[in-house]
1. Karplus couplings for the range 71-76 from phi (6.51 cos²θ - 1.76 cosθ + 1.60, θ = phi - 60°), rounded to Hz, Gly and Pro as x?
2. Quick check on the exposure proxy: order F105, F53 from fewest to most C-beta atoms within 10 angstrom.
3. With r as the distance between the Cβ atoms of S41 and D132 and R0 = 25 Å, compute the FRET efficiency 1/(1 + (r/R0)^6) and round to 0.05.
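Read-outs throughout are calculated quantities, based only on the coordinates presented, and are distinct from any laboratory measurement. Note that the structure is a prediction, hence the values are computed from the model and not measured. Cβ placement follows ideal geometry from the backbone for every residue including glycine, while neighbour counts extend to all protein chains displayed.
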Amino acid sequence: MIKNFVEDIIFSIKNKLFSSKYVIKGKCKRCGACCRNILFSTQEGYIKDEEIFKKMQKKYPYYRNFKISGIVKDKKDFQNGALTFECKFISKNNKCKIYPIRPIFCRDYPNINPSLIYEGVTMLDGCGFYFDIDKKFKTYLKNN
Ligand code: SF4
Ligand code: SF4
């Protein structure tokens, strides 16, 4: 109980610190890479096993909208070994076939949880968006 409480406080502080520190800049180049390199995680971490994904597809029909597209291969990356997934609604010319009713995650992207930035999540190679230090935060550092 106390452990959870402390963890929640640390999480909240981290979020506050990093949400004020980073801003997302740039614009979408419509390359479709984010719809073809999706990572899914469970309580045990990122999905690295095809059999686990098949079980998830059986249990939750939503996951049938995705197929395995590859695997993260970078020993320095904490996501190393994670399977990547492609959404079945991405067209060959990188258009979302269900754009008006696309899920909230797609609408929000790339506004990811600031704590993920802290954990080392970066934009996909070639993505038109990038993380930058918030000017207000730079000014704050200069003046304090
Ligand atoms: S990877 Fe970046 S540039 Fe490419 S479609 Fe996704 S958001 Fe746009
Ligand atoms: S629903 Fe559309 S925007 Fe979302 S991952 Fe699939 S193709 Fe991309």
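1. Each residue of the range 71-76 in turn: 8, 6, 10, 7, 4, 7 Hz.
2. F105, F53
3. That gives a FRET efficiency of 0.45.
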